């Protein structure tokens, strides 16, 4: 805890000496050189993010992760991130690359660094109606904020930080756009070719498949509508639709519906034996976003995860871990814990592995006229076992290109619940990010 | 006889009224065309000024077509670069590159903070959103009283002072239905942008709701340009940079 506070204090002191990008004088100028377009662009983002975890040593996930180590009651982690992006444009073509270097250090695990090309693709735009792209990219399909059940071709995002950039997959896409007068204002069609071979998207699913998918977008009666289809291939066939519409000028409603055919799901039965079942899955999301006259934004979403585990499934899983831990403690045998780790990677350990959740985020812009200051509160509630997280947060953007965020996460839940069995009771995170 | 005189006067008034209404609407349309061509591109800088004089600046590239299509792309600062906003009729969206998909926003929000809101940044023709209720003459200016055509328009009422000779606004007061003042917009510093476009290059706004704060919009370039309708679509928002 002391080192966390020291780290945050050091950052704040350093920031006080940063040259202030906002300056106070009465001149308002706008030179033409400021808008000159160059064929190339280079920029990036650098972030420093210390996190303090207060561990729950009695939780099943703590026992699974740290069964052969004593982590103590807190874990201090230091994170750094550097993202670089560059582009070059000539005529109707463009090249774009974005890299991400993520560095993490903790006293227990030491340092760990990973660099990846998050996106890297070429674009051809012969006209405003046509665009072709080839390379590594992220599609970001879906209208939901915390979850996107229809986003079949991207990695799953973290609902605790939905705006984080993600590593894309290699694919070829095309956009064809047409505009009309009348109730149907826009039609666009986006076909996707998505290969899965050795070293090409090989973590996506069954290899040696060329996957075909497509999305149709309509702006119909002032409603955004998407229809999505992914054919059988590396994963089973799936289809989805989503919508978004303003009900009033300050109230927006959105939703998604996904159908996955013949999905294979591993699960643990009451006897602790790993089984699997194939079944058709329906997942859905419904949400609203509302803005008041005094700039309070409320975002509420309900999510049904058709691939989710029931409360009984999760109880069996946690019981299995505890039995495994007891076996290890008494005999040193790690077989059950190793099986439990495989199950965790297979589905039980993903974000929101159960069936029904709601998400509420309240965000107030500049309360009490404190400029560039935005406090928020986020609640994620598991409707199946009533466990939940509460995350208060404050964001400050008073210095141009600099974002300062402090958030705390508090977990509530009894034993054998999703959040109650997380390896930490709470966490405190500070993030300083700078764009250049 | 007296009754005949009254009827005759009323008839004259009734005949005159449509002519008056037509002139005021024509004037409003002239104001719109004098401010901007019907289809154009422009570069603007938005500056939010705090009471202590500190400033935050945003540089935008904007395109507009017809009465209901506007798009804007942020060029600076680095934290905003690549963001874009789109207005298509009553629909408005914001695209943030790191988020990767557009989200719907409202006209009363402000993507840049300060006194200007999204309706000011993605403004349509006044004639497209307002009807003229009354026209007055005050010295060398007209005073137009405008009423929003529907509830989706940002401000319920406007009072627009228009220079008689130049047919350009000098000041606009934005009001609620209860005639409460939301903000005042001042048009200053007339400049010849070429192509027959001579208009205020400097727009300043302040608000009794944000005492001591002001926001400024400076135009560097306005040029007539035609666009395909497909530019003003959700799918195209990530590609606005290619229009420059």
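The residues of the stretch A:55-64 that are out of contact with any helix residue (DSSP H, G or I) (no Cβ under 9 Å at 6 or more places or on another chain) and surrounded by fewer than 16 Cβ atoms within 10 Å (Cβ to Cβ) amount to a single one, A:58. Taking the stretch A:266-285 on its own, how many of its residues are assigned to a strand (DSSP E or B) and either surrounded by fewer than 17 Cβ atoms within 10 Å (Cβ to Cβ) or more than 25 Å from the chain's Cα centre (by Cα) (or both)? Residues meeting the conditions: 10.
For (1) modelled with pLDDT under 95; (2) over 19 Å from residue A:96 (Cβ atoms), each residue gets a yes or a no:
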residue	(1), (2)
A:133	no, no
A:142	no, yes
A:152	no, yes
A:161	yes, yes
A:166	yes, no
A:169	no, no
A:174	no, no
A:188	no, yes
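For the stretch B:190-204, the set of residues classified as within 21 Å of residue B:116 (Cβ to Cβ) and more than 13 Å from chain A (Cβ to nearest Cβ) consists of B:190, B:199, B:200, listed by residue number.
So for the stretch B:227-234 (the condition being within 14 Å of another protein chain (Cβ to nearest Cβ), without any contact (Cβ under 8 Å) to a residue 12 or more places away in the chain and either surrounded by 18 or more Cβ atoms within 10 Å (Cβ to Cβ) or in contact with a strand residue (DSSP E or B) (Cβ under 6 Å, 6 or more places away or on another chain) (or both)), does at least one residue qualify?
Let us first name the residues in the stretch B:227-234 that are within 14 Å of another protein chain (Cβ to nearest Cβ), namely B:227-234.
If we keep only those that are without any contact (Cβ under 8 Å) to a residue 12 or more places away in the chain as well, we get B:228, B:230.
Then drop every residue that is not either surrounded by 18 or more Cβ atoms within 10 Å (Cβ to Cβ) or in contact with a strand residue (DSSP E or B) (Cβ under 6 Å, 6 or more places away or on another chain) (or both), which leaves B:230.
So far as the stretch B:227-234 goes, yes, one or more of its residues are within 14 Å of another protein chain (Cβ to nearest Cβ), without any contact (Cβ under 8 Å) to a residue 12 or more places away in the chain and either surrounded by 18 or more Cβ atoms within 10 Å (Cβ to Cβ) or in contact with a strand residue (DSSP E or B) (Cβ under 6 Å, 6 or more places away or on another chain) (or both).
Just one residue in the set A:186, A:248, A:223 is crowded, with 18+ Cβ neighbours inside 10 Å and farther than 30 Å from residue A:310 by Cα; that residue is A:186.
Taken over the stretch A:405-423, the criterion of being part of a strand (DSSP E or B) and surrounded by fewer than 21 Cβ atoms within 10 Å (Cβ to Cβ) is satisfied by A:405, A:406, A:407, A:408, A:410, A:412.
In the stretch A:239-280, which residues are more than 20 Å from residue A:151 (Cβ to Cβ) and within 14 Å of chain B (Cβ to nearest Cβ)?
Of the stretch A:239-280, the ones more than 20 Å from residue A:151 (Cβ to Cβ) are A:246-251, A:266-279.
The answer is A:246, A:247, A:248, A:249, A:250, A:251.
For the condition out of contact with any helix residue (DSSP H, G or I) (no Cβ under 8 Å at 6 or more places or on another chain), within 20 Å of residue B:47 (Cβ to Cβ) and within 12 Å of another protein chain (Cβ to nearest Cβ), residue B:187 does not qualify. Looking only at residues of the stretch A:200-217 that are surrounded by 17 or more Cβ atoms within 10 Å (Cβ to Cβ) and within 30 Å of residue A:245 (Cβ to Cβ), we find that the one that is nearest to the other protein chains (Cβ to nearest Cβ) is A:217. Return yes when residue B:153 is within 15 Å of residue B:126 (Cβ to Cβ) and modelled with pLDDT under 95 and no when it is not. Yes. Each residue in the stretch B:145-184 was checked for being closer than 17 Å to residue B:199 by Cβ and part of a strand (DSSP E or B), and 8 pass. The listed residues are B:187, B:219, and the only one of them that is modelled with pLDDT of 95 or more, crowded, with 18+ Cβ neighbours inside 10 Å and part of a strand (DSSP E or B) turns out to be B:187. When only residues in the stretch B:95-107 that are touching a strand residue (DSSP E or B) at 6+ places or on another chain (Cβ under 8 Å) and facing chain A (nearest Cβ under 7 Å) count, which is farthest from residue B:130 (Cα to Cα)? Only one residue fits best here, namely B:101.
When you scan the stretch B:87-94, do you find a residue that is facing another protein chain (nearest Cβ under 9 Å), farther than 27 Å from residue A:163 by Cα and in contact (Cβ under 8 Å) with a residue 24 or more places away in the chain, even just one? No, the conditions are met nowhere in the stretch B:87-94. Scanning the stretch B:127-160 for residues being free of Cβ contacts under 8 Å to residues at least 12 places away in the same chain and within 15 Å of the chain's Cα centre (by Cα) gives a total of 0.
The conditions of being more than 10 Å from every other protein chain (Cβ to nearest Cβ), more than 17 Å from residue B:242 (Cα to Cα) and surrounded by fewer than 20 Cβ atoms within 10 Å (Cβ to Cβ) are met by residue B:128.
Taken together, the residues in the stretch A:104-131 that are more than 21 Å from residue A:157 (Cβ to Cβ) and buried (at least 17 other Cβ atoms within 10 Å of the Cβ) amount to 5. Being closer than 23 Å to residue A:384 by Cα and either in contact (Cβ under 8 Å) with a residue 24 or more places away in the chain or surrounded by fewer than 20 Cβ atoms within 10 Å (Cβ to Cβ) (or both): is that true of residue A:237 here? No; evaluated as a whole, the condition is false for this residue.
The values are calculated or read from the model by the stated rules, or taken from the named source; none is laboratory data. Note that this is a predicted model, so its numbers are computed, not measured. All Cβ positions, glycine included, derive from the backbone under ideal geometry; neighbour counts span all protein chains shown.
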